[in-house]
Amino acid sequence: MQKLKQIYEGKAKKVYGTDDPELYIVDYKDDATAFNGLKKGTIAGKGVINNRMSNLLMQMLEKNGIPTHFVRELSERETLVKKVSIVPLEVIVRNIAAGSFSKRYGVAEGLVFDEPVLEFSYKNDALGDPLLNTSHALALKLATPAEIETIKGYALKIDRILQRFWAECGVTLADFKLEFGRTSDGRIILADEISPDTCRLWDSATGEKLDKDRFRRDLGGVEGAYAEVMQRLLAHDAD
Ligand code: ADP
Ligand code: UDP
């Protein structure tokens with residue numbers, strides 16, 4: 001597989017074309033940003049962990065019937081993926097109140113929901129990724145009604161699979177963000193990444209944060225937290 005020109009450089013990854021028009025290579029960086037790019041830094045080794053973790057979780061989801069963009073891991077930081085046209089929605093699933101939910105609705109972090117909360121943001125940096133509902137998404141023609149239904153169904157199924165998996169690793173999945181895309185033949189598949197950058201992962205015993213909130217909130221021990229949560233996943237996989 002030949003890596004051709006860079007198509008895009010985002011905040012956490014670079015995307016390259018390949019000699020196959022249906023495939024991209026994603027290259028994970030150590031760069032970290034928060035608050036819509038206002039806070040910038042690096043987390044040493046993050047790219048390696050996020051690449052591996054995302055690939056292991058996507059392979060696990062595939063086995064459970066979720067179609068994903070994962071094709072093959074190429075190196076520590078690079079993965080071959082199916083090229084998609086990204087649906088410009090950040091699909092957020094919450095099991096426990098945290099972050100912007102707690103702030104917006106004035107509830108303490110840690111409130112456990114009876115049912116998962118499904119939320120969409122418009123993936124648009126210039127607008128600051130505003131919250132939107134299904135009617136807004138349809139009015140803006142971001143996706144068709146059928147695509148929205150497919151995305152909601154996948155997101156809730158992914159939540160059930162990931163919650164169970166992380167619980168077996170001694171980790172509580174508070175919330176996470178997903179992105180979906182359309183393949184050239186019009187199917188919706190899971191794209192982007194699933195990692196401590198995009199999930200809130202809390203130690204089930206102590207409540208300690210093992211994710212990007214350590215960076216966002218200057219809690220220290222950022223690299224250690226990413227390494228710890230990766231270690232738990234690998235230990236589970238080795239069982
Ligand atoms: P951002 O764009 O938010 O800064 P990243 O640094 O993670 O994010 O950049 C990766 C970009 O690649 C994102 O915009 C994401 O939507 C996009 N992307 C992820 N997976 C795919 C894929 N399979 N095909 C096309 N684009 C993808
Ligand atoms: N998230 C993300 N990218 C974003 C915004 C949120 O991956 O641009 C993830 C975040 O890591 C958390 C979940 O989505 O796991 C919910 O984030 P929230 O809306 O609480 O936003 P935040 O507190 O990060 O501003």
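The values are calculated or read from the model by the stated rules, or taken from the named source; none is laboratory data. This one's a predicted model, so the numbers in the text were calculated from it and none came from an experiment. When we count neighbours, we look across all protein chains shown, and the Cβ atoms used for this are built from the backbone with ideal geometry, even at glycine. Quick note on the areas: whole protein, heavy atoms, side chains included, nothing else; ligands and nucleic acids left out. Shrake-Rupley method; radii C 1.70, N 1.55, O 1.52, S 1.80 Å.
In the chain, a dipole from Cβ-located charges (positive for Lys and Arg, negative for Asp and Glu) runs towards its positive end, and of Ala227, Thr150, Leu138 it is Leu138 whose Cα lies farthest in that direction.
Taking one quarter of the surface of the C-alpha convex hull of the chain gives a mean projected area of 13.1 nm². Within the accessible area of the chain, the carbon and sulfur atoms contribute 53%, probe 1.4 Å, all protein chains present.
Once the mean of 1/r is taken over each pair of separate Cα atoms and inverted, region 118-216 shows a Kirkwood hydrodynamic radius of 15.1 Å. Per-residue packing, averaged as other Cβ atoms within 10 Å, sorts the ranges 49-55, 126-132 into the order 49-55, 126-132, beginning with the highest. The value of relative contact order for region 131-239, using C-alpha pairs under 8 Å at least six residues apart, is 18 percent.
Considering the dipole of the chain built from charges on the beta carbon (Lys and Arg +1, Asp and Glu -1) around the Cα centre, which of Ile188, Met58, Trp202 is farthest to its positive end? Of Ile188, Met58, Trp202, it is Ile188. Per-residue SASA remark: Cys199, around 10 Å² accessible (1.4 Å probe; ligands, DNA and RNA not included). Only lysines eight or more places from Lys5 in sequence, or on another chain, were considered; those with a Cα closer than 24 Å are Lys13, Lys14, Lys29, Lys46, Lys82, Lys83.
Across region 72-158, counting alpha-carbon atoms alone, Rg and Dmax equal 15.5, 44 Å. For region 47-105 versus region 167-197, the inter-centroid distance based on Cα atoms is 3 Å. Mind scanning Lys123/Lys209; Lys39/Lys152; Lys63/Lys103; Lys141/Lys212; Lys157/Lys209 and naming the pairs with a C-alpha gap bigger than 28 Å? Cα-Cα > 28 Å for Lys39/Lys152; Lys63/Lys103; Lys141/Lys212; rest within. For region 148-200, the fraction of C-alpha pairs more than 19 angstrom apart is 31%.
A helix-only calculation puts the chain at -10000 deg cm²/dmol for mean residue ellipticity at 222 nm, using -39500 (n - 2.57) for each DSSP H run of at least four residues, averaged over all residues.
Its Cα gyration tensor gives region 200-239 an equivalent ellipsoid, and the semi-axes of that ellipsoid, as √(5λ) in whole Å with the largest first, are 20, 11, 7. Of Tyr105, Tyr122, Tyr16, the residue with the largest accessible area leads and the full order is Tyr105, Tyr122, Tyr16 (1.4 Å probe).
Solvent-accessible surface of the chain, taken per residue with a 1.4 Å probe and all protein chains present: 47 Å². Applying Stokes-Einstein at 37 °C and 0.692 mPa s to the Kirkwood radius of region 23-141, computed over alpha-carbon pairs, gives a translational diffusion coefficient of 195 µm² s⁻¹.
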